[in-house]
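Undergrad: Have a look at this one before I ask anything.
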């Protein structure tokens, strides 16, 4: 009978060491996988509204522990809407009336914070300014009745409404314009079929300066209500004039609600920590912009360079004008959810026929993303 060899002590030790090695490798692999950053894909439009997202991407994405933060620029709001609702991305930064209309269409996302407050302006061409005679300094230009009177006079003379370009008809800008015109007894329509003194039309923000130029070349009065820095671009370029800023039309504590941050329900369920981290660094970046605008110099130039890396169409002069600390016509503070602020926009949008129906703001908002302390 053949004798079976007994395992030696050395063999036992080898087996134990092998088992320990495999366990260590398995644990290390698990640890690496468990700490792999989750991609957070966000959509934005080339506006001053979204500067904090650009700063967060350039300055802080490598510091993020949970999020692999990625941004993608969209050419217009309709494209952003369709892409976000497709479910292929996690976040989008969207004007509040448009966001509420999207929520009616597909309520599979939530509002998780603000991107900025205030931040849009009415720009008029030379033909309108002949009637208005704006103050030389922008800080002295307020939403008095002068532009409204000029719009009314032009309609009385021509029976043709003056076209005012919006980034989208479902824009906060349309709500601001509606409120201004209503306060000065001027009518606004969103369609060619309804007679009114002013006709709102959709023009993508980057094309709004060309819209002003083309109207001036045809000797037609025109204006646009757009986010910064586009109004500052026509002012600094010498072919248009900032008539007033939205903060003066829509006064609100800390600034009126404008663009808001949205996240899909799927991302909230599966990437909560990563999303919250992104929102933290957006608020931190907002503070960076505020500090840079106050101190100027190299700090401000750094912000300008970050913006122009992603949005070269924004000129250095226009960016600096938009971030003027004396005017403070856009700000990046107090970016937690502001339900009463959104309700102000929603109620006016419904009153003006811009939105068809309200949303349940309590369901729409997810306040778990509020930052309890200011990021430093």
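Where a number appears in this text, it was derived from the coordinates with a stated rule and is not lab data. In this text the structure is predicted, and so the values were computed from the model without any measurement. Cβ: placed from backbone, ideal geometry, glycine included. Neighbour counts: every protein chain shown.
Undergrad: Please compute the modelled spin-label separation between residue 372 and residue 86, points set 7 Å along Cα→Cβ, answer in nm with one decimal.
TA: Placing both labels 7 Å along Cα→Cβ, they lie 3.9 nm apart.
Undergrad: In the chain, what % of DSSP beta bridges are antiparallel (nearest 5)?
TA: Within the chain, antiparallel bridges account for around 50 percent of the total.
Undergrad: What is the order of 257, 175, 359, 249, fewest Cβ neighbours within 10 Å to most?
TA: By the 10 Å Cβ count, ascending, the order reads 359, 249, 257, 175.
Undergrad: For a test of the definition: using alpha carbon positions, the gyration tensor, and the 1.5 limit on a/c, classify segment 120-249 as rounded, prolate or oblate.
TA: Note, shape of segment 120-249 comes out rounded.
Undergrad: Mind checking which of 108, 168, 241 has the largest fluctuation in a GNM of the chain, springs on alpha carbons under 10 Å?
TA: Maximum fluctuation in the GNM of the chain, among the listed residues, is at 108.
Undergrad: Which one, [x] 28, 50, 13, 6, 3, 1, 0; [y] 21, 32, 20, 16, 10, 1; [z] 28, 52, 19, 1, gives P(r) over Cα pairs in 20 Å bins from 0, in percent as derived from the coordinates shown?
TA: Here the calculated entry is [x].
Undergrad: Related question: Hey, what did segment 217-342 get for relative contact order, percent, Cα under 8 Å, at least 6 apart?
TA: 36
Undergrad: As an exercise, use a Förster radius of 30 Å and the Cβ-Cβ distance of residue 202 and residue 308 to find the FRET efficiency, rounded to the nearest 0.05.
TA: Efficiency at R0 = 30 Å is approximately 0.70.
Undergrad: Name the most mobile residue of 204, 143, 195, meaning the one with the largest mean-square fluctuation, in a Gaussian network model of the chain with Cα contacts below 10 Å.
TA: Answer for the Gaussian network model of the chain: 195.
Undergrad: Another question, then. For residue 299 and residue 316, compute 0.36 nm times the residue count separating them, minus their Cα-Cα distance, and round to one decimal in nm.
TA: Taking residue 299 through residue 316 to full extension adds about 4.8 nm, to one decimal.
Undergrad: Let me ask you something else. When the chain is treated as a GNM, springs tying every alpha-carbon pair under 10 Å, which of 246, 187, 322 comes out with the largest mean-square fluctuation?
TA: Maximum among the listed residues: 187.
Undergrad: Over segment 120-249, what is the relative contact order in whole percent, taking alpha-carbon pairs under 8 Å and six or more residues apart?
TA: 43
Undergrad: Sticking with this structure for a sec: Report the gain in length on full extension from residue 142 to residue 334: 0.36 nm times residue separation, minus Cα-Cα distance, nm rounded to one decimal.
TA: 66.7 nm
Undergrad: For the chain, what does the relative contact order come out to in percent, with C-alpha contacts under 8 Å and a separation of six or more?
TA: 26
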